[in-house]
Every structure is written in C-alpha cells, then in structure tokens.
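Chemist: Below is a structure I'd like to ask you about.
The values are calculated or read from the model by the stated rules, or taken from the named source; none is laboratory data. The shown structure was predicted, so the numbers you read here are calculated from the model rather than taken from an experiment. Here the Cβ is made from the backbone with ideal geometry for all residues, glycine too, and neighbour counts use every protein chain on show.
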Amino acid sequence: MIAAVRRRIGAVLLAAGKRSRQLDRRAAGWIERLRPPLARRLTKLRAVALRLWIRVWRLASRLVRAVGRRLRPLAVLGLRAFSRLERVLLRATALATRAATALSAVITPRRAICATIVASALCLIAAQFVEYRSVEVGQAAYAGLTAAEPPTVGAETPRDAHSYLLIPIALLAAICAVLALRPGRRGLGRVVIGLGVLSIAVILLVDLPAGLDTGAQAARFSGASAVLEEGFYAQLAAASGLVLGGLLYYARPCRIPINLSGRAASARRRRRRRRDSSQRKAARRPLPRRNGAASAPASQR
C-alpha cells in the first residue's frame, strides 16, 4: 500500500511539472508576441515626449531671453549702484580709519580718564539743583492704575539736605583730574578716590535718610510716603564715576600699545637664563699664571 501511495504522489507531481512547463511556454509565447508592438509603442512615446520637450525648451528659452532683455537695464543699474555703494563704503572706511588714527593720538587714556572725572564732577554739580525726593499722597489708591500717578508734594533738592557741600568737592575733584594730566602726579588719583568716597558717604548718610523721611507731610495728608526721585540716583552715579576715574588714574594705564610681537619680546625678557654648570665655568675660567717661586716646594724656599 505504501508503494502504491508513493506511485500516485509521483504521478501527481510529474503531471504538475508538465502542466507548469506548458504554462511557462504559453506565457513566453505571449510575451514574445506582445514585445514587438510594445517596443513600437514605446518608441513612438519616446519620440512624442522628445518633441514635446524640445518645444517646451524652445518656448522657455524664448521667454527667458525676452524677460532677460527687458530686465537687463535694471540689472545693469543695480550692479552700477552696488559698485558706487562699494566705493562710498571704501571711502568712508578710509576716512573712519584716518579719523580713528588722529583721535588715538589726541584722546589718550589719561585724557579720557580726565574727561570722565570732569564729566562726573559736572553731573554731580548739576544734580544738586534737581529734585531728589518728594512725598506721594494716596499712593495706595493708585496701585492698580498705570495711566495715572499719585500727586506729589514737598519736593526738595539735595541742597536742602546738605547745603552746597558736594559742589566744592566736585570742583576739587575736577581740578585734581586736570592737574593729574602732568607726569609724576599719580598721587592725585588717590585724592579723587577719596573725594568720590566722601561724596557717596554724604549721599548715603545724609541725603538717603532725609529723602525717606515724610516729616510734617505725614500729619497733613493721609497715606503719605516719601519716594526718591531721579536727582538722588543721578548724584550717586556721578559720585561713583569719580571713584572709578580715580581708580583708573591710580592704575596708571599702559602708554605703549601691546601687540603679539611686544608680548613675545616681554616674554623673552622675563625668561630666566639657564645657569651654566660648574664644568663649563671651570672650562671657561682662565687658569692663573704661576711663577717659579710659587711653584717650588716649601723645602726649597
């Protein structure tokens, strides 16, 4: 029975193989019959696509040429404008370089520091005539409003707190800054620093408590509170400028511009030389001359 089953399976597989070969032959015949017309149709499609591409390319090239002819004058004008702008920028760069070179010879670090101190002194003097404190009335009612501000009363200037004390201090600092332009006056920088520190001390110890004191306004108005105005911060910034200028004067800025070659030269000067060994010193040291008396033994002397 097993042999009969094997024969039947073999016969079925053999028949299936023959059927598949027949189907393959028929499909190959159909493909061979359909290939020539497909090739002819593909050739025609290629020719049509090539003609269409050539026409589109010609139309695009004509359109580009027409647009280019019309836009050529505008392009020429744009390029000429760019060239003129470049010339103007080059001239402006050259002028700026010359101006910077000339200013670098006039505005030295020492003169710039002097100008900073003098400007700070003038600002400190001007701040003495500006309101530095006031009293706001009903500030709590204006807490949520941005368009309206509470009314202020009792505005005062720094002269009401310390009289004219900071004006001579500022003048003295400006005079010291001008005198420090001369060489050998480095100690005047310390004087400017001291005057600036003194001004800051007067502002913080005298003006600040007086500016935050409502005084008699608290009894006259309900909800009165003292606030500091721009004059207080202006004089504090000016006094800080005096201290900064004095520190820069005392630091003595370098007068020689340092570049890479200068740094390399200074590094070579700071480099320690290697000490020669004792053998080299002994080799280079000349031997002392001996006379006959000195070289003779002690018994023959």
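Chemist: Tally up the residues in region 161-170 that are touching a residue at least 24 places away in the same chain (Cβ under 8 Å) and either among the small types (Gly, Ala, Ser) or loosely packed, with under 15 Cβ neighbours inside 10 Å (or both), please.
Modeler: The total comes to 3.
Chemist: Has region 265-273 got any residue that is surrounded by 11 or more Cβ atoms within 10 Å (Cβ to Cβ), over 31 Å from the mean Cα position of the chain (by Cα) and either at pLDDT 55 or above or under 15 Å from Ala121 (Cα atoms) (or both)?
Modeler: No: region 265-273 contains no residue that is surrounded by 11 or more Cβ atoms within 10 Å (Cβ to Cβ), over 31 Å from the mean Cα position of the chain (by Cα) and either at pLDDT 55 or above or under 15 Å from Ala121 (Cα atoms) (or both).
Chemist: Condition first: modelled with pLDDT under 90, assigned by TED's automatic domain parsing to the domain that holds Ser163, more than 30 Å from Ser163 (Cβ to Cβ) and small (Gly, Ala, Ser). Can you find one or more residues in region 126-139 that meet it?
Modeler: Yes; the residues of region 126-139 include at least one that is modelled with pLDDT under 90, assigned by TED's automatic domain parsing to the domain that holds Ser163, more than 30 Å from Ser163 (Cβ to Cβ) and small (Gly, Ala, Ser).
Chemist: Looking at region 69-79, can you tell me whether even one residue there is in a helix (DSSP H, G or I), over 46 Å from the mean Cα position of the chain (by Cα) and surrounded by fewer than 10 Cβ atoms within 10 Å (Cβ to Cβ)? If you could, list the steps in order and put the result at the bottom.
Modeler: Of the residues in region 69-79, the ones in a helix (DSSP H, G or I) are 69-79.
Filter once more, keeping what is over 46 Å from the mean Cα position of the chain (by Cα): 69.
Restricting the remaining residues to those that are surrounded by fewer than 10 Cβ atoms within 10 Å (Cβ to Cβ) gives 69.
Within region 69-79 (the criterion being in a helix (DSSP H, G or I), over 46 Å from the mean Cα position of the chain (by Cα) and surrounded by fewer than 10 Cβ atoms within 10 Å (Cβ to Cβ)), the answer is yes, since at least one residue qualifies.
Chemist: Is region 220-230 home to any residue that is of a type in the set (A, V, I, L, M, F, W, C) and modelled with pLDDT under 75?
Modeler: Yes - at least one qualifying residue is present in region 220-230.
Chemist: Pull out all pairs, ordered by first then second residue, where Cβ-Cβ is under 6 Å, the residues are six or more apart or on different chains, the first lies in region 187-201 and is assigned by TED's automatic domain parsing to the domain that holds Leu124 and among the polar types (S, T, N, Q), and the second is part of a helix (DSSP H, G or I) and buried (at least 17 other Cβ atoms within 10 Å of the Cβ).
Modeler: Listed by first residue and then by second, the contacts come to Ser199/Leu166; Ser199/Ile169; Ser199/Ala239.
Chemist: Another one. Looking at the structure I just gave you, is Gly184 outside any helix (DSSP H, G or I), of a type in the set (Gly, Ala, Ser) and either modelled with pLDDT of 90 or more or surrounded by 14 or more Cβ atoms within 10 Å (Cβ to Cβ) (or both)?
Modeler: Here the answer is no, as Gly184 does not meet what is asked.
Chemist: Give the residue, chosen from Leu85, Leu122, Leu145, that is loosely packed, with under 14 Cβ neighbours inside 10 Å and at pLDDT 90 or above. Spell out the reasoning first.
Modeler: Numbers: Leu122 fails: loosely packed, with under 14 Cβ neighbours inside 10 Å; Leu145 fails: at pLDDT 90 or above.
So the residue among Leu85, Leu122, Leu145 that is loosely packed, with under 14 Cβ neighbours inside 10 Å and at pLDDT 90 or above is Leu85.
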